[in-house]
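Novice: Please find one structure pasted underneath; my questions will follow.
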Amino acid sequence: MINILFTNFCILVTFLYVSGLLSRQYVTGFDSPSRSVKLCGGVLFGIYGIILMYYSFPIDPRFFADLRHLAIIVIASYLGWLPSLVAGLLMAVGRVLLFGMTGYSAAAGAGMLVIGMVCGLISLARWDRLTKMMTMSIASMLVLFFVISSNIPDRDKVFSVFTQHLIISLLATLVIYMLTEYIHTSNKLFLQLKKYAETDYLTSLNNLRQFEQLLAERFLEAQHFSERLGVLMIDIDHFKKINDTYGHAAGDAVLQQLSKVLKDNSRSFDEVSRNGGEEFSVLVPEATIAETTALAERIRAAVERHAFTLDDGTKLHITISVGVAVHPDTIRSREARQLMEQADQELYRAKNNGRNRVCSAPEIHDYMLG
C-alpha cells in the first residue's frame, strides 16, 4: 500500500506543479478570485482526483485507498468552499462511472462528496492555511474510515489500513503545503515583478516600456486586419510652475488625479500610459481621425473642468495639449514608431499654437481599408 500511496503523492505533486504554471496569471490574495476561476479550479482538481483513482491500493475487492482527497484539500485551502464542493461532486460521479453503479461505489462516492462539503466548511474558518489543511486531512480520513468500516466487517484490517493511510496522508499534506506555498509565493513575486516592469509607480498606468510594446502589438494587429489605430500624445501645460509653486508632492498629486481623469474619459478598451514626467499617451483602436480627435477634445475639456485638489485643500485648474494621429487615416507607414512621432509632432504644434488645444495630423484621402 505504501508504494501505491507514494505513487499517488508523486502524481499529485506533478499536477500541482502544472497547476502552478497555469495559474501564474492569477494568485489568490493578489486579486479576488472570480466565480469562473473557482469553478475551473474545482473541475481541474476534480479531474486530478479521478486520475488518482487509477492508482489505488485495494483494501478489499470493493474499496480502494488513495490520496484523491488531497486534491480537494488543496483547492479548498486556496479557493474556498465552491471549488471544494465541485471537486468532491466530480470525484463522486467519477467513482461511480469508473467502477460501476454498486452500493459500494455509491458509498465511496458519497464519502467524496461529504469530504468536499467538510473541507469547504473548514475553508471558511479564520485559521492559517497549514492548520486548515491538516484539519481537512484528519476530517477527510475520518469520513473515509466511517465509509470503509461501515462496509468491511474485518475490523483489524480496517484499523491497520486506516492507521497507515492516516500517517501517510498527514505527512503528504505537510509536504504538499510546503510545495503549494512555495508555488503560491513564487507566482505572487512573478506578478509583482511583472507589474513593476509594466506600470508606472505613481499613477499605476502603463509605463513607457509597456506603451511601446502595446503600440507595436496593436499596430501589427491593425495592419493585419486592415483596422485603424489612433495615438494621443498628451502633455500638461506649464507643469513646471506647479512644482515650483506648490512643490513636487503637489505635482505628484496632480499626476495621480490626471491619470484618473484620462481613464474615466477614455473608452474601456483604450490603453492609457504615462510616458514619463508630465507626458501621457492613449492608444485608440478602431476609430477614424474625426472620432479620435473628438475623443481627444473630450479629454481636454474634462481636464480643463476638473478641480485638482492638493493635500492642503488647495484646488488647481490645469490644461493639457494633445496631438493626434491615426493609422492609416493620417499616415501609411509600416512602422509603429512613425505613428507615434506624428502624434508627437502634432502635440508640439498644439503647444506652439497657444496650448490647451488638440491638433490632429491632416487626413490622407487616397487610401482604402480592406
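Novice: How large is the helix-only mean residue ellipticity at 222 nm for the chain, computed as the sum of -39500 (n - 2.57) over DSSP H runs with n ≥ 4, divided by its residue count, in deg cm²/dmol to the nearest 500? Please list the in-between numbers first.
Specialist: Details: 12 runs with 234 residues, N = 370.
After summing the helix terms and dividing by residue count, I get -21500 deg cm²/dmol.
Novice: Which percent of the accessible heavy-atom area of the chain goes to carbon and sulfur, probe 1.4 angstrom? Don't skip to the end; give the middle numbers.
Specialist: Working: 11000 of 18350 Å².
For the chain, the apolar C and S fraction of the accessible surface comes to 60 percent.
Novice: Residue farthest toward the positive end of the dipole of the chain, with Cβ of Lys/Arg at +1 and Asp/Glu at -1: which of Asn275, Leu16, Gly46?
Specialist: After comparing all options, I get Gly46.
Novice: Contour minus end-to-end for Lys260 and Leu142, with contour as 0.36 nm per residue of separation and end-to-end as the Cα-Cα distance?
Specialist: Working: separation 118, 0.36 × 118 = 42.48 nm, distance 5.41 nm.
Here the answer is 37.1 nm.
Novice: Based on alpha-carbon centroids, what's the gap between the range 242-302 and the range 122-190 in Å, whole number please?
Specialist: About 53 Å separates the Cα centre of the range 242-302 from the one of the range 122-190.
Novice: First obtain the Kirkwood hydrodynamic radius of the range 239-310 from its Cα pairs, then insert it into the Stokes-Einstein equation at 20 °C and 1.002 mPa s, and state the resulting D in µm² per second as a whole number. Could you put the intermediate results ahead of the total?
Specialist: On the way: Rh = 13.2 Å.
The Stokes-Einstein estimate is 163 µm²/s.
Novice: Quick one: P(r) of the chain from all Cα-Cα pairs, 10 Å bins, percents rounded to integers, in order of increasing distance.
Specialist: The percentages, shortest bin first, are 5, 20, 20, 13, 13, 14, 10, 5, 1, 0.
Novice: Relative contact order, percent, of the chain when contacts are C-alpha pairs under 8 Å separated by at least 6 residues?
Specialist: Details: 558 pairs, mean separation 45.8, N = 370.
Normalised by residue count, the contact order of the chain is 12 percent.
Novice: Grab the other residues whose beta carbon is less than 10 angstrom from that of Thr288, score K and R as +1, D and E as -1, and report the net. Walk me through the numbers before you get to the answer.
Specialist: Numbers: positive: Arg228; negative: Glu286, Glu291, Asp329, Glu363.
Here the charged neighbours net out to -3.
Novice: While we're here: With only Lys, Arg, Asp and Glu charged, each at its Cβ (+1 for the first two, -1 for the last two), find how big the charge dipole of the range 53-177 is about the Cα centre; round to the nearest 20 debye.
Specialist: 200
Novice: Identify the trypsin sites (Lys or Arg not before Pro) of the range 196-290 meeting these criteria: DSSP loop state and at most 16 other C-beta atoms within 10 Å of the C-beta.
Specialist: Those that pass, being in a loop and sparsely packed, are Arg267.
Novice: First select every other residue whose beta carbon is under 14 angstrom from the beta carbon of Asn352; then total the charges, Lys and Arg +1, Asp and Glu -1.
Specialist: Values: positive: Arg349, Lys351, Arg355, Arg357; negative: Asp235, Asp237, Asp344, Glu346.
Result for the neighbourhood of Asn352: 0.
Novice: Based on Cβ point charges of +1 for Lys and Arg and -1 for Asp and Glu, what charge dipole magnitude is obtained for the range 234-370 about its Cα centre, in debye rounded to the nearest 20? Can you show the working numbers first?
Specialist: Working: 17 positive and 22 negative charges, 48 e Å.
Using Cβ point charges on Lys, Arg, Asp and Glu, the range 234-370 gives about 240 debye.
Novice: Skip the ligands, DNA and RNA, and give the accessible area per residue of the chain with a 1.4 Å probe, whole Å². Don't jump to the answer; show the numbers that get you there.
Specialist: On the way: 18350 Å² over 370 residues.
Per-residue accessible area for the chain comes out at 50 Å².
Novice: Related question: Could you run the Debye sum over the Cα atoms of the range 212-342, one equal point scatterer each and no solvent, and tell me log10 of I(q)/I(0) at q = 0.12 Å⁻¹, two decimals?
Specialist: -0.47
Novice: What lysines does Lys241 reach when the alpha-carbon gap must be under 23 Å and sequence neighbours fewer than 8 apart in one chain are set aside?
Specialist: Counting by Cα, and skipping residues close in sequence, Lys241 has these lysines nearby: Lys260, Lys315, Lys351.
Novice: In whole percent, what relative contact order does the range 191-313 give with Cα contacts below 8 Å and a gap of six or more residues? Don't skip to the end; give the middle numbers.
Specialist: Values: 131 pairs, mean separation 39.7, N = 123.
Relative contact order for the range 191-313 comes out at 32 percent.
Novice: Take the Cα atoms of the range 136-275, find their three principal axes, and give me the spread along each one in whole Å, biggest first.
Specialist: 87, 47, 23
Novice: Here's another thing I want to ask about it. Is any residue of the range 336-361 close enough, with backbone N under 19 Å, to a label point placed 7 angstrom from the Cα of Leu316 along the Cα-Cβ axis, and if so, which?
Specialist: 355-357
Novice: To the nearest 10 degrees, how steep is helix 248-265 against the longest Cα principal axis of the chain, on a 0 to 90 scale?
Specialist: Approximately 80 degrees, to the nearest ten.
Novice: Kindly provide log₁₀ I(q)/I(0) values, in the same order as q = 0.10, 0.13, 0.18, 0.25 Å⁻¹, from the Debye equation applied to equal alpha-carbon scatterers of the range 271-369.
Specialist: -0.30, -0.49, -0.86, -1.45
Novice: Would you tally the net charge around Ile236, using a Cβ to Cβ cut-off of less than 9 Å, leaving Ile236 out, and scoring K and R as +1, D and E as -1?
Specialist: Numbers: positive: none; negative: Asp235, Asp237, Glu278, Glu279.
So the surrounding residues net to -4.
Novice: Now for a separate question. Please report the equivalent ellipsoid semi-axes of the range 67-218, computed as sqrt(5 x eigenvalue) of the Cα gyration tensor, largest first, in whole Å.
Specialist: Here the semi-axes work out to 43, 18, 12 Å.
The values are calculated or read from the model by the stated rules, or taken from the named source; none is laboratory data. Predicted model, so just to flag it, every value in this text is computed and none were measured. Heads up, the Cβs are rebuilt from the backbone with ideal geometry, glycines too, and the neighbour counts pull from every protein chain shown. Surface accessibility is based on the protein's heavy atoms, side chains included, excluding ligands, DNA and RNA. Shrake-Rupley method; radii C 1.70, N 1.55, O 1.52, S 1.80 Å.
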